[in-house]
1. Can you find, among A87, V67, T44, the residue farthest towards the positive end of the dipole of the chain? Put +1 on the C-beta of Lys and Arg, -1 on that of Asp and Glu.
2. Mind grabbing the base-10 log of I(q)/I(0) for the chain at q = 0.22 Å⁻¹? Debye formula, identical points on the C-alpha positions, no solvent, two decimal places.
3. So, with +1 on the Cβ of K and R and -1 on the Cβ of D and E, and no other charges, what is the size of the charge dipole of the chain about its Cα centre, to the nearest 20 debye?
4. Exposed loop sites here are trypsin sites (Lys or Arg not before Pro) in DSSP loop states with at most 14 other C-beta atoms within 10 Å. What is the longest stretch of the chain lacking them?
5. Enter the Cα centre distance for the pair the range 21-51 and the range 59-94, rounded to the nearest angstrom.
6. Which value at 222 nm does the chain reach when only helices count, each DSSP H run of 4 or more adding -39,500 (n - 2.57), with the total divided by all residues and rounded to the nearest 500 deg cm²/dmol?
7. List the relative contact order of the chain as a percent without decimals, with contacts defined as Cα pairs under 8 Å and 6+ residues apart.
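FYI, it's all coordinate maths here, none of it is from the lab. None of the values given here were measured: they were computed from a predicted structure. A quick note on method: Cβ atoms are made from the backbone with ideal geometry, for glycine too, and the neighbour counts reach across all protein chains shown.
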Amino acid sequence: MKADTLRGHLDALLLAVLDGRKLHGYAIIEALQLRSDGALDLPTGTVYPALRRLERAGWLASEWDVVSGRKRRTYRLTRSGEQALAAERAEWREFTTVIGGVLGT
């Protein structure tokens, strides 16, 4: 999938992967790959800065955990992150309805 196609949707994708879960960065990348059947293979240089940005915005919280014997920063949604995800999902449904109406199904 082209990187340009994802522009503007990365935040929603990251929030969705973290919905109800606490994951470290590489596990987030793997979850994106798994959920997209391999279509989303985002580099760490894209994902980690976005995670830090979402944390600064108050949508994510992080803490250090030991995962598989290694110390890793794990991320989870905050209450405002959950609200942001709900808004992103509503916006996505509206967007796909409008575009689907124009392009046809």
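1. Selected residue: V67.
2. Log-scaled intensity ratios, in q order: -1.26.
3. Values: 16 positive and 13 negative charges, 87 e Å.
Dipole about the Cα centre, nearest 20: 420 debye.
4. Numbers: sites that count: K2, R7, R21.
With a cap of 14 other Cβ atoms within 10 Å, the longest stretch comes to 22-105.
5. 12 Å
6. Value at 222 nm, helices only, nearest 500: -18500 deg cm²/dmol.
7. Working: 97 pairs, mean separation 29.8, N = 105.
Here the relative contact order equals 28 percent.
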